[in-house]
Every structure is written in structure tokens, then in C-alpha cells.
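Notes follow once the structure below has been shown.
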Amino acid sequence: MRYAQLGDVPAKRHVQFRRNGTLLTEEVLGFEGFSGNESILYHLHSPCRVREVGEFVPIVREEWVPETHVHRLTDTNPIEPGGDWLSGRRLLQFNGDIEVSICKPTDEREGFYRNGEGDEVLFIHHGTGTVETIFGDVPYRPHDYVVIPRGTTYRVTPDDGEQVWLCFHTPGEIETPNRYRNRYGQLLEHAPYSQRDFHPPAELHTHSERADFELSVRVRDGHQTYLLDYHPFDVVGWDGYVYPYSFNIHDFEPKSGRLHQPPTVHQTFQGPNFVICSFCPRRLDWDPLAVPIPYHHSNLQSEEVIYYVDGQFGSRAGVGEGALTLHPSGLPHGPQPGRVEASLGATSTDELAVMCDTFRPLRLTTLARELDDPGYATSWHAQARA
Ligand SMILES: [Fe+2]
């Protein structure tokens with residue numbers, strides 16, 4: 001990310017900085033000890049200040065260990081809306097590198113949240129609202145990726161109307177791919193987006209209210225609650241390279257070629273042992289002999305998860321908006337029968353999908369079992385499609 005600043009910061013770091021005579025508390029919020037990216041925030045109160053220590057509730061994952069190893073289709077549409085913007089996240093797939101959930105929040109949540117052990121990405125399928133954070137407000141709209149780095153105290157204020165989010169949590173860092181950046185970190189000309197497409201918080205609201213506020217922090221694979229006697233959005237200013245931001249998938253500039261381009265051209269983010277890619281509406285391959293949809297591939301060491309957002313996905317029959325396919329490691333996959341022929345001569349696609357490839361096996365939850373389409377495994381069998 002680029003350097004950003006919001007609110008008031010002193011000219012030098014680590015100096016006395018006051019507001020209305022009160023000495024502010026400087027907090028360096030950074031990664032990898034003091035070697036990674038960091039931001040410096042100036043608080044009205046010590047961020048350590050806790051009035052009461054509440055409960056620690058371990059995260060419970062109900063795992064489903066399938067009896068068979070097959071390609072899977074999960075329809076997320078039947079997931080009933082419910083819960084709030086945190087409790088409403090319904091886990092479908094996970095491993096030590098990533099968790100994939102669907103959230104359809106309907107309820108308000110009292111209090112604030114901070115992920116102390118992972119970065120989060122909320123892909124907004126449906127809905128608008130605001131992610132209010134200690135760094136300021138990040139408004140969101142359909143098809144935004146909202147990236148929330150660990151350490152960000154926040155709450156979400158969804159607007160009225162349908163909300164459907166695809167949520168990722170990773171103990172790693174969400175980054176733009178190395179190959180898109182020069183040695184200074186600036187995005188290169190060939191990158192499918194530029195710094196202008198990433199939107200840091202635009203407005204900072206400093207709260208000085210003194211009252212009881214609950215803060216839930218995800219740590220050690222659980223949620224620890226604390227009771228504060230001040231509003232945690234007490235930052236008067238910050239600067240640095242760590243902050244939440246939004247990136248709309250339609251600002252991803254897709255690449256096409258004379259012949260089919262590999263999924264790597266769609267890469268949007270990288271994390272440890274996974275990538276997140278955006279399949280966006282685009283012109284298709286223009287050679288007269290081109291096959292404009294993917295070739296069969298055996299990506300033997302990765303699991304490929306695709307969430308279908310909008311439009312017609314060329315290589316799949318029977319998947320629509322809200323479907324999630326999992327093509328696990330060790331197996332080949334490719335277009336279903338008839339799709340190659342149907343694609344020939346196509347000049348454009350309106351498909352919109354988010355893909356997450358993981359390089360270590362994914363585990364599934366009992367919710368994924370409930371939503372599993374057992375017919376998908378044999379859907380490449382021509383008779384199965386007849
Ligand atoms: Fe694939």
C-alpha cells in the first residue's frame with residue numbers, strides 16, 4: 001500500500017503531541033516486529049486501557065470429513081440471512097492459511113471488533129454500508145473488496161437492504177502480488193490496477209465519549225472480550241502504510257490475449273499459500289482457432305475455489321450466482337461437456353467471479369455438507385448432463 005495520512009499528526013515521530021493540552025498516546029501498529037509496514041496512531045487514551053476483562057470464547061469449527069475426494073459444488077443461496085456482521089459469518093472451508101465464510105448479516109451488533117491474529121477481506125456481493133474503523137470510515141458498495149488488516153478496531157454499519165459477503169480470514173498478510181510492484185513498492189505499469197484504485201479511509205471521526213463499550217478481539221483462535229470505559233475510535237490522526245481500504249473488482253483491468261490467458265493474469269491479492277483472483281467481464285481471445293475458455297488442468301498442488309458473482313461463467317453448466325465450486329488438489333478439471341464447442345467464436349464474457357486458490361488442502365464444514373451438490377462430481381460425464 002501507499003503512504004497515507006488522515007487527521008492530525010505531529011511533524012516528527014515520538015515527540016510530545018497534545019490536544020487541548022492533553023498529551024496523546026502514540027501507538028506504532030506494525031508487522032514483523034519493527035521490520036514490516038506500520039502506521040502510527042495518536043490516541044486520546046492508552047490503547048491498553050481496559051476497565052474489565054470479559055470472557056474468552058474459543059472458535060468452534062464443525063468439520064465435515066467427506067468420504068470421497070471429488071469436485072464439489074456448494075450452493076450458498078440457501079444460507080438463511082441472520083446474525084450480525086461478525087457472528088453472521090458462516091464458515092464453509094478452512095485450513096491453516098485461510099478461512100472462507102459467507103455472511104448475510106441482518107442484526108445489529110453492540111460493540112467493536114478487532115482481529116488480532118489475521119487480515120480479513122470482505123468481498124461485497126450485495127449491499128452497501130460503511131466499515132467504521134479506528135483509521136476512519138471505509139464506505140462499501142457491491143463488488144468491493146474491503147481489506148481490513150489485523151489490529152484494526154472496527155464495526156460495520158450496513159445500510160438497509162440485502163447484504164451478502166464472501167469473507168476471508170488469513171493469519172498471513174493480504175498483499176498485492178510482488179510481480180506487480182517495483183522495488184519501492186509502487187505498482188508497475190503492467191499491473192491490472194493502480195494505486196488510484198485503492199481507497200483508504202476518507203473520513204476520520206474522533207470520539208471522546210466516556211461510557212462503557214465492548215471490544216471483542218480475535219486472538220489464539222478465539223474471541224476475547226474486554227470492557228472499555230471510552231469509545232475506541234479515539235484516534236485524532238494517523239499515518240503510514242497499514243490501514244483498511246476498498247478496491248472495487250470493476251477497477252481490475254482484465255487481460256486478454258490472442259490465445260487463452262492463464263488464471264494468473266487474474267490475480268488480485270497474494271497471501272501465504274493462497275492467491276485471490278478476479279474474473280471480470282472482458283474481451284475474449286481473438287485468434288480464429290482460439291478456444292476462449294480454460295483448458296483442462298491438473299493443478300496438482302492447489303485447491304481452486306471459485307465464487308460466482310454475476311454473469312454467465314463460460315466453462316460451467318449449472319452454476320449461478322452464489323455458487324461456490326471447489327476443485328481440489330490431485331485431480332484434473334476443465335470445462336464441462338459441450339462448453340468448449342459452445343464457446344468457440346465468442347468474443348466477450350460477462351462473467352464475474354472471485355477465485356481463491358490455496359496451496360494446501362482445504363477442510364470443509366458441516367455447513368458445506370448441507371449445501372453440497374453430490375451430482376457435481378459426475379457432471380463431466382456426458383450422460384449426466386443429458
Ligand atoms: Fe481451474
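Bear in mind these aren't lab numbers, they're just calculated from the coordinates by the rules spelled out. Keep in mind that what you see is a predicted model, and the values were worked out from it rather than measured. Glycine gets a Cβ as well: all are built from the backbone with ideal geometry, and neighbour counts include every protein chain shown.
Ranking 212, 97 by Cβ neighbours within 10 Å, fewest first, what do you get?
Working: 212 11, 97 17.
Listing 212, 97 from fewest to most nearby Cβ atoms yields 212, 97.
Give the residues of region 102-132 whose amide nitrogen is closer than 15 Å to a point set 7 Å from the Cα of residue 225 in the direction of its Cβ. Within reach of a label on residue 225, which here means backbone N under 15 Å from a point 7 Å along Cα→Cβ, region 102-132 contributes 109-114. Across the chain, Cα-Cα pairs more than 37 Å apart make up 25 percent of the total.
Close amide-amide hydrogen proximity is noted between residue 237 and 8, 42, each under 5 Å apart and 5 or more residues distant or on a separate chain (H modeled in the peptide plane; Pro and chain starts excluded). Summarising the amide proton neighbourhood of residue 54: residues at separation of 5 or more, or on other chains, whose placed amide H is nearer than 5 Å comprise 225, 226, 227.
Be a star and scan region 171-193 for residues whose amide nitrogen sits under 17 Å from the point 7 Å along the Cα-to-Cβ vector of residue 264. Within reach of a label on residue 264, which here means backbone N under 17 Å from a point 7 Å along Cα→Cβ, region 171-193 contributes 176-182, 188, 190-192.
Per 0.36 nm of contour for each residue apart, how much would the distance between residue 128 and residue 347 grow if the chain were fully extended, relative to their Cα-Cα spacing? Can you show the working numbers first?
On the way: separation 219, 0.36 × 219 = 78.84 nm, distance 3.24 nm.
Stretched fully, the residue 128-residue 347 segment lengthens by 75.6 nm.
Result for the chain in a Gaussian network model with C-alpha springs under 10 Å: among 292, 105, 262, the largest mean-square fluctuation is at 262.
Taking label positions 7 Å along the Cα-Cβ direction at both residue 212 and residue 162, the computed distance is 3.9 nm, reported to one decimal.
Label positions at residue 370 and residue 52, each projected 7 Å from the Cα along the C-beta direction, are separated by 3.3 nm.
When the chain is treated as a Gaussian network with alpha carbon springs shorter than 10 Å, the biggest mean-square fluctuation among 153, 22, 206 belongs to 22.
Taking θ as phi - 60° and the Karplus parameters 6.51, -1.76 and 1.60, the scalar couplings of region 308-320 work out to 8, 9, 6, x, 9, 8, x, 8, 10, 9, x, 10, x Hz in sequence order, x denoting glycine and proline. Helices in the chain, meaning DSSP H runs of at least 4 residues, each add -39500 (n - 2.57). Divided by all residues, the mean residue ellipticity at 222 nm is -500 deg cm²/dmol.
Give, in nm to one decimal, the length gained when the segment between residue 196 and residue 59 is fully stretched (0.36 nm per residue of separation minus the Cα-Cα distance). Show your work: numbers first, answer last.
Details: separation 137, 0.36 × 137 = 49.32 nm, distance 3.72 nm.
So the extension gain works out to 45.6 nm.
The Cα center of region 177-236 and the Cα center of region 298-328 differ in position by 30 Å.
The ranking of 333, 327 from fewest to most other beta carbons within 10 Å of each one's beta carbon is 333, 327. The ranking of 256, 39 from fewest to most other beta carbons within 10 Å of each one's beta carbon is 256, 39. The dipole here belongs to the chain: it is taken about the Cα centre, uses +1 on the Cβ of Lys and Arg and -1 on the Cβ of Asp and Glu, and is about 1040 debye. Remark: the residue 19-residue 295 segment gains 93.2 nm on full extension, using 0.36 nm per residue and subtracting the alpha carbon distance.
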